[in-house]
1. Which number in (1) surrounded by fewer than 16 Cβ atoms within 10 Å (Cβ to Cβ); (2) small (Gly, Ala, Ser); (3) within 29 Å of the chain's Cα centre (by Cα) marks the one condition that Gly102 misses?
2. Got a number for residues in segment 340-357 being under 13 Å from Lys494 (Cα atoms) and outside any loop (DSSP other than H, G, I, E, B)?
3. Does Gly316 qualify as being at positive phi and touching a Gly at 6+ places or on another chain (Cβ under 9 Å)?
4. If the requirement is being within 20 Å of Ser496 (Cα to Cα), buried (at least 17 other Cβ atoms within 10 Å of the Cβ), in the same structural domain as Arg686 (by TED's automatic domain parsing) and among the aliphatic types (A, V, I, L, M), which of these qualifies: Val616, Val626, Val645, Val653?
5. Can you pull out every residue in segment 189-212 that is assigned to a loop (DSSP other than H, G, I, E, B), more than 20 Å from Gly306 (Cβ to Cβ) and under 27 Å from the mean Cα position of the chain (by Cα)?
6. If a residue must be of a type in the set (S, T, N, Q) and farther than 14 Å from Gly134 by Cβ, how many such residues does segment 62-108 contain?
7. Name the residue that is farthest from Phe662 (Cα to Cα), counting only residues in segment 628-639 that are hydrophobic (A, V, I, L, M, F, W, C) and in a strand (DSSP E or B).
8. List the strands (runs of 3 or more DSSP E) inside segment 49-140, counting only whole elements, that have at least 1 residues being hydroxyl-bearing (Ser, Thr, Tyr).
Amino acid sequence: MAAVSISHNRHVLLACCYALGLLVMLSTSCTTTRADAAAAATSTSRTRRSSNKLPHLQAAAASGGYRTFIVLLERPTGGGEMDAAAHRAWHESLPSKETELGEPRLLRSYCFLVNGFAARLTEAEVQQVASKPGFVAAFPNVIRYLQMTHTPGFLGLLDSGAGHVSTWKDSAYGSGVIIGLVDAGINPRHPAMADIVMEGDVPKRWKGSCHEGFPCNRKLIGAKNLVQRGQPPEDVASGHGTHAATIAAGTFVNDVSISGGLANGTASGMAPGAHVAVYKACGDDRDDGCPDDAILSAMDEAVKDGVDIISLSLGGPFGATYDHDVIAVAAFSAMQNGVVVIACAGNVGPDPSTVANEAPWMITVGAGTVDRSLEAKVRVTAGDPFLGESLADRKGIGANPGAWYPLLYREEGARRFCLYPEWESDQLRDKIVICQAGMSDPEVVQVSYDELDRLKDYASWPAATASIELGGTVLGSSTPAPIVASFSGRGPSKRSPGILKPDLLAPGVNILAGAPDVHRHVRHVHVHAARRHILDEHRATAASAYATGAGHANVARALDPGLIYDVNQDMYAGYVCSILGEAALRRITRDNSRTCLGYGKITGHKSNLNYPTITVPLQPAPFVVVRIVTNVAPLGPPESYTIKVDMPPEVRVTVTPSTLNFTSPWEQAAYALMVSSIDNSPVDGRMYQGSVTLTSPSHTVRTPMLAVVGMATPRPSTGWRLD
């Protein structure tokens, strides 16, 4: 039996973990099919759509009105941790030890990253708790969901240029860095988690632990289960956590391949020398999701244990603003503790404003392709074949390339996603079934989204038939890359329209990695910044900056950028004041005495956060935006940068000054851009994109710039509706 599936296998996870590996390398100096739009495969009636659930509130108890609330408390005076006695006093202040249903009220206590607890409370009881001194905020528990060998060369990791050792070696393979993965657990027996090639001991700053009896080593140095306490943090169902860990930091595994020899080579993570600490915060069943109270516990433990980076391959809420998103609040605290939080842009693209996890103090990563194709074709009786890819076993659906099957496509309801009712399963037999999205079965052939209409038209012909032909692995320029995956979340951000999100693009499709049932394969990272135009899979045209962010990262250049745009916590605080106000600042910083006085001069406008991208309103009246750059080049001769602005002719830009001079490391300098429209009546909603480039004899720093007519106002402070 054959099935065709136009599939968006949801794996921004991969992009997230690749960018994570890039961060690991800089600090030292989702499952795996291609996510295109149309696909063909052999299958039975098991065709189904992959999980793409949005975050939602955890349901209240059937009786009594109890919900799980996460209560955050003020930081102790002078900072630091709240002592045990203070925590105990808060716990004892709860209305009772048990609810009327006999369930324990107190569920969790948070002592390091934030101070607070999770408890079963009614809305009325939350109001009673809120009246106590030291209370900051109560967040209803939200359920989030995981975002479901050649690549190092594609990223430039193997060779950084004539006369240079590889970028991997330059960065010591991420040696000494500790990655904290908040995910679905880990398979500790996976060969990519072996410590055979790890050099040296576990860093002395590591304070974490491993679940009793769990086989940790110098690679996998920590493992905790925060969702099923007392149980080992095994990656039971989805393989998602193992996949994430091996992409980010899997060690070298020789001679691996999938599906009868496809993509053969040596597999490794982006930072094979890094250490991994796993914090299980998601249930064993994919539908269980990942509750905020467990995610917060995981982040609390990770920062206390001493990780350098936290990876969140999770979707984020679209409605609640940062001050009502407890994970965004926790990420702010992580930033204050010097820990970088990297998260995924989400899997609900390609529509505008679908980007998730867009707090500016988090690094948000979209998904793109690599220049490797696992070649497959869907041949038809009239017209050109549909070119695509497939992970299918070449001895399976490709074993009889001469066989032709009737085509079936149904538009109504969920059938277009291959979700057919069980009683219709006989209609699928011996047919090629076309789906618009969602097949997670590897036995599919996926073809480009822009071929969807042609494929549907052909399927509508009477007696239309097709044949499946599977090829091998194709590398290089014959496979255009990078292309933004159709499913990848896009901007503009409704919560932060003055900030370009996602921040960057990384490999998120056609990535083969360490899920238990995917024949252990490759985990790599996409990284190359604007060395050629990035295409958009959904539109088959050049991708908007709302899809790519600053572009595909360039690893070699990132190791020696010359200049950076540094942002400190006071700048972030000023930004929060500018878009959400003082009450939000107090919730996010967990400080009821914090005010916005003095922060106006730091940010003042939603476009003036010192971000490494520039998004400004476009209007006839001039608007001035300022950026501060910091020299991070090694000590050497003075370096002078010329500033050049490239924008469409509809946008007038004046830069002051036109050159910046640096004589020592960590020296800072500022430039201002005065931006206005040429037309006195620019078209509302239009977005013009270009760049600001700072060039010296040794470095080139390109900053994406967007000018938006009628740029949206940031969403006001908005929480979850409990009714």
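1. Going through (1) surrounded by fewer than 16 Cβ atoms within 10 Å (Cβ to Cβ); (2) small (Gly, Ala, Ser); (3) within 29 Å of the chain's Cα centre (by Cα) one by one, Gly102 breaks only (3).
2. Result for segment 340-357: 0.
3. Taking the combined requirement at face value, the residue does not satisfy it.
4. Exactly one residue qualifies, and that residue is Val616.
5. Matches in segment 189-212: Arg189, His190, Ala194.
6. 4
7. Restricting to residues being hydrophobic (A, V, I, L, M, F, W, C) and in a strand (DSSP E or B), the top hit is Ile628.
8. Values: elements: 67-73, 106-110, 115-121, 135-140.
Hits in segment 49-140: 67-73, 106-110.
The values are calculated or read from the model by the stated rules, or taken from the named source; none is laboratory data. Computed from a prediction, not measured in an experiment: that's the story for all the values here. Please note: Cβ atoms are built from the backbone with ideal geometry, for glycine as well, and neighbour counts cover all protein chains shown.
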